[in-house]
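Colleague: Can you keep this structure in mind? I'll have questions shortly.
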Amino acid sequence: DSGVTQTPKHLITATGQRVTLRCSPRSGDLSVYWYQQSLDQGLQFLIQYYNGEERAKGNILERFSAQQFPDLHSELNLSSLELGDSALYFCASSVGWGEVNTGELFFGEGSRLTVL
Amino acid sequence: GESVGLHLPTLSVQEGDNSIINCAYSNSASDYFIWYKQESGKGPQFIIDIRSNMDKRQGQRVTVLLNKTVKHLSLQIAATQPGDSAVYFCAENGGRVGNEKLTFGTGTRLTIIP
């Protein structure tokens, strides 16, 4: 158990809809990262927050947005969903941000989104 | 452009044997590399990392080798066990600082045959 909690585990919705994925980081971790993993693909970095502020952006679509709340949990909002958005969405957390490469990202078990 | 790729998408190994998972990278500026393990239905889990000032690093039953000349790294798992069955990802930092800038490969699925 990584200590990172993601909900929901599974979500099925229709094209054009909007969903919200939720992540609770490990206790004490201030950084939250969102990754997308499509079928048989690697992990694509979407966005990172540190202590409530956006710190880095990856290949995140304009239809997607995220935020980190004062209690450090984070939400990833996906809107105007398309079939190609079907994927596993992972949240990860770490203590700090940016300064050092540590590789020690603690991943949740992911939210599997299916868009029909 | 930069990329991280794997030589083989799948690998089957007899239980108890050693396994080697390979990874090629193209960004010569990369100076930090990580291996992650992803078991079915779970998120990736950090295994081991290595910085470019090293060519070998050992952990518990795992060894990572880095060959900067040919931009190649490998993960060796000794005395494989059924619990080693998973998808293994390599990742690199492209010479940039910060965990969010890691580039992950597509993964190799390792299957341990009992």
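Condition check ((1) at pLDDT 95 or above; (2) surrounded by 13 or more Cβ atoms within 10 Å (Cβ to Cβ); (3) under 13 Å from A:Arg22 (Cβ atoms)) across all residues:
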site	(1), (2), (3)
A:Gln48	no, yes, no
A:Asn51	no, yes, no
A:Lys57	no, no, no
A:Glu62	yes, no, no
A:Ser65	yes, yes, no
A:Ser79	yes, yes, no
A:Ser86	yes, yes, no
A:Ser94	no, yes, no
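Colleague: Looking only at residues in the stretch A:1-29 that are within 12 Å of the chain's Cα centre (by Cα) and farther than 15 Å from A:Arg112 by Cα, which one is surrounded by the fewest Cβ atoms within 10 Å (Cβ to Cβ)?
Modeller: A:Ser24
Colleague: Now for a separate question. Kindly check whether there is at least one residue in the stretch A:69-82 that is part of a loop (DSSP other than H, G, I, E, B), over 24 Å from B:Gly94 (Cα atoms), within 14 Å of another protein chain (Cβ to nearest Cβ) and touching a Ser or Thr at 6+ places or on another chain (Cβ under 7 Å).
Modeller: Initially, the stretch A:69-82 is screened for residues part of a loop (DSSP other than H, G, I, E, B), giving A:69-73, A:79-82.
In the following step, the residues that additionally are over 24 Å from B:Gly94 (Cα atoms) were identified as A:69-73, A:79-82.
Applying the additional criterion that residues be within 14 Å of another protein chain (Cβ to nearest Cβ) yields none.
No.
Colleague: Related question: Can you work out which of the residues in the stretch B:63-92 that are within 17 Å of A:Glu104 (Cα to Cα) and of a type in the set (A, V, I, L, M) is surrounded by the fewest Cβ atoms within 10 Å (Cβ to Cβ)?
Modeller: Our first condition is that a residue be within 17 Å of A:Glu104 (Cα to Cα); within the stretch B:63-92, this holds for B:64, B:88-92.
From what's left, of a type in the set (A, V, I, L, M): B:64, B:91.
Working: B:Val64: 24, B:Ala91: 26.
Top of the filtered list is B:Val64.
Colleague: Say we look at the stretch B:37-46 and pick out the residues that are more than 9 Å from chain A (Cβ to nearest Cβ) and surrounded by fewer than 20 Cβ atoms within 10 Å (Cβ to Cβ); which of these is nearest to A:Asp1 (Cα to Cα)? Reasoning before the result, please.
Modeller: So in the stretch B:37-46, the residues more than 9 Å from chain A (Cβ to nearest Cβ) come out as B:37, B:39-40.
With surrounded by fewer than 20 Cβ atoms within 10 Å (Cβ to Cβ) added as a condition, the list becomes B:39-40.
Working: B:Glu39: 12, B:Ser40: 14 Å.
Out of the qualifying residues, it is B:Glu39.
Colleague: Is it the case that the stretch A:77-85 has a residue that's over 10 Å from the mean Cα position of the chain (by Cα) and under 30 Å from B:Asp31 (Cβ atoms)? Full working, then the answer.
Modeller: Filtering the stretch A:77-85 for residues over 10 Å from the mean Cα position of the chain (by Cα) gives A:78-85.
Next cut, under 30 Å from B:Asp31 (Cβ atoms) only: none.
Checking the stretch A:77-85: not a single residue is over 10 Å from the mean Cα position of the chain (by Cα) and under 30 Å from B:Asp31 (Cβ atoms).
The values are calculated or read from the model by the stated rules, or taken from the named source; none is laboratory data. Predicted model, so just to flag it, every value in this text is computed and none were measured. Methodologically, a virtual Cβ is constructed for each residue, glycine included, from the backbone with ideal geometry; neighbour enumeration extends over all protein chains shown.
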